[in-house]
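Written below as structure tokens is the structure these notes are about.
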Amino acid sequence: MQKTAKLALADGSVFTGTAFGADGEVHGEVVFNTSMTGYQEILTDPSYCGQIVTMTYPQIGNYGISPEDVESGGIALQGFIVRELCEIPSNYRSTQTLDEYLKDAGVIGLQGIDTRALVRKIRTSGAMTGVLSTVDLDDESLVKKAQSSPQLAGQDLVSKVLPASSCEWEEGLHPLAHSSSTHSLSGKTVTSMAEGEDQPESSYHIVAIDYGMKWNIPRHLKQLGCRVTVLPGNCTAEDVLALNPDGVFLSNGPGDPEPLTYAIDTIRALLGKVPIFGICLGHQLLGLACGCKTFKLKFGHRGANQPVLNEDTKQVEITSQNHGFAIDPESMPEDVEITHINMNDNTVAGLRHKTHAAFSVQYHPEASAGPHDSHYLFKQFFDSICETRVSS
Ligand SMILES: NC(=O)CC[C@H](N)C(=O)O
């Protein structure tokens, strides 16, 4: 028998559809993702902690759930909304349906609502708080709850998803990700190291600071032939330097970067001592450590087809993105420069320190899911590690 579920937004709108996954009630910031595929990677991306995610692609679940496609140890997002749930997936790797997967994980799903109308509301009014429920179906009560739910901005959500302890990361890329690729950068043909060729083991050691890291990132770092140690996002600069790393990686992660003062202090103390590369939240934290400010975007960038201009090569990369905050270009100090621009709205998509070996991007070069145009950034990090070792 079909069960009703409702989504109420802080602006008073209510969407009524059919429940799937688990029963219950959750609140969160309602956002949308425009990727046509990659729902499993989206569900397991810890950066969605505190959010209810709507997919714009009309049918989700078609290729089921494959255990090797997860990006973390669980699901951190609050709730999941689709136009139509596919109940009979077709994929030789699939072991479960999306419905079963969400039930097992205790995550509430809603299907059968007009997701286009919901996305238009979010685009017009901006991301807003909402309540998703299968237990309270009273519109007025739900809207009140949506209006009194806490805002995402100002919260430290990293502390909810960071790992409890450090570990040595051993896993490289999945065999299915192995396809060597070459592309041209300013006339030079570049082979992306990260795409499957086994790199010779090097003596380089990368410390990856985990603020809720997607697993395809350390897989790429491992593929560079380096030793990779993962430290929890609340580590100190002393913890990091005690491991004598050749490079420090700053991961993606959920929520507002500004309240994360412990992380910003750590990065500030590492700047200039070791090459740094940051992705998404890691990019925002590097910017804050350099003296930039961040601000909240109206409804964020979440999808697998965001065009980004590389200012060095003047080439456009199609990128995978998931962020709601961005670096304020007006706040950028003299010693920091913009390297990449999001071509949809001209926001900052990458930066670099002019004198220290430190750079970062707002998007996801590890893809998972999404295009592979930006894999060269892992090689760029590796090169900066090699150059620093040679000159020191
Ligand atoms: N994917 C991420 O790292 C997200 C960064 C940050 N939490 C934001 O929403 O902007």
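Among the residues examined, LYS103 qualifies as farther than 23 Å from SER125 by Cβ and in contact with a strand residue (DSSP E or B) (Cβ under 6 Å, 6 or more places away or on another chain). Can you work out which of the residues in segment 254-299 that are open to solvent by 10 Å² or more (accessible area, probe 1.4 Å) and at positive phi is nearest to the ligand (Cβ to nearest atom)? Result: GLY255. A single entry from ASN310, ASN322 fulfils the requirement of being within 26 Å of THR266 (Cβ to Cβ) and of a type in the set (S, T, N, Q): ASN322. When ASP136 is tested against (1) of a type outside the set (A, V, I, L, M); (2) part of a loop (DSSP other than H, G, I, E, B); (3) open to solvent by less than 20 Å² (accessible area, probe 1.4 Å), exactly one condition is not met: (3).
Every condition in (1) open to solvent by 20 Å² or more (accessible area, probe 1.4 Å); (2) over 24 Å from VAL248 (Cα atoms) is met by ASP312 except one, and the failing one is (2).
Does segment 248-257 include one or more residues that are out of contact with any helix residue (DSSP H, G or I) (no Cβ under 7 Å at 6 or more places or on another chain), more than 18 Å from GLU387 (Cβ to Cβ) and assigned by TED's automatic domain parsing to the domain that holds CYS226? The answer is yes; a qualifying residue exists. On the stretch given as segment 113-142, residues that are in contact with a helix residue (DSSP H, G or I) (Cβ under 7 Å, 6 or more places away or on another chain) and either among the β-branched types (Val, Ile, Thr) or outside the structural domain of VAL82 (by TED's automatic domain parsing) (or both) total 2.
Filtered by the rule that a residue be in contact with a Lys or Arg (Cβ under 9 Å, 6 or more places away or on another chain) and more than 14 Å from the ligand (Cβ to nearest atom), segment 346-365 gives HIS356, ALA358, PHE359.
For segment 203-220, which positions are within 16 Å of the ligand (Cβ to nearest atom) and among the hydrophobic types (A, V, I, L, M, F, W, C)?
The first filter runs over segment 203-220 and keeps only residues within 16 Å of the ligand (Cβ to nearest atom), leaving 208-218, 220.
Result: ALA208, ILE209, MET213, TRP215, ILE217.
Rundown of residues vs (1) modelled with pLDDT under 95; (2) closer than 19 Å to HIS323 by Cβ, yes/no style:
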| position | (1), (2) |
| --- | --- |
| MET193 | yes, no |
| TRP215 | no, yes |
| LYS222 | no, no |
| PRO232 | no, no |
| ASN244 | no, no |
| GLU258 | no, yes |
| THR266 | no, no |
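Annotation: VAL390 fulfils all but one of (1) at pLDDT 95 or above; (2) assigned to a helix (DSSP H, G or I); the unmet one is (1). Only residues that are touching a strand residue (DSSP E or B) at 6+ places or on another chain (Cβ under 6 Å) and either farther than 30 Å from LEU157 by Cβ or not hydroxyl-bearing (Ser, Thr, Tyr) (or both) were counted across segment 198-231, and they come to 14. Scanning segment 330-361 for residues that are within 17 Å of HIS301 (Cβ to Cβ) and assigned to a loop (DSSP other than H, G, I, E, B) yields MET343, ASN344, ASP345, ASN346, THR347.
Take the residues in segment 248-287 that are assigned to a helix (DSSP H, G or I) and under 18 Å from the mean Cα position of the chain (by Cα), then tell me which one is nearest to GLY233 (Cα to Cα). Quick ask: steps written out before the conclusion?
The first filter runs over segment 248-287 and keeps only residues assigned to a helix (DSSP H, G or I), leaving 261-270, 281-287.
After this cut, where a residue has to be under 18 Å from the mean Cα position of the chain (by Cα) as well, the list is 263, 281-287.
On the way: ALA263: 7, LEU281: 11, GLY282: 10, HIS283: 14, GLN284: 14, LEU285: 11, LEU286: 13, GLY287: 16 Å.
Restricting to residues being assigned to a helix (DSSP H, G or I) and under 18 Å from the mean Cα position of the chain (by Cα), the top hit is ALA263.
Taking the numbered list (1) of a type in the set (A, V, I, L, M); (2) open to solvent by less than 10 Å² (accessible area, probe 1.4 Å); (3) over 21 Å from the mean Cα position of the chain (by Cα) in turn, ALA242 passes all entries but (2). Of all residues in segment 36-50, those that are open to solvent by less than 10 Å² (accessible area, probe 1.4 Å), more than 13 Å from the ligand (Cβ to nearest atom) and of a type in the set (Ser, Thr, Tyr) total 1.
Where strands (runs of 3 or more DSSP E) fall entirely within segment 46-118, none has at least 2 residues that are aliphatic (A, V, I, L, M) and without any contact (Cβ under 8 Å) to a residue 24 or more places away in the chain.
Counting the residues of segment 315-329 that are loosely packed, with under 15 Cβ neighbours inside 10 Å and either within 18 Å of the chain's Cα centre (by Cα) or in a strand (DSSP E or B) (or both) gives 2.
The values are calculated or read from the model by the stated rules, or taken from the named source; none is laboratory data. Treat the numbers as computed from the prediction; the structure is a model and nothing was measured. As a convention, Cβ positions derive from the backbone with ideal geometry for all residues, glycine included, and neighbour counts pool all protein chains shown. SASA here: full protein model, heavy atoms, side chains in, ligands and nucleic acids out. Shrake-Rupley method; radii C 1.70, N 1.55, O 1.52, S 1.80 Å.
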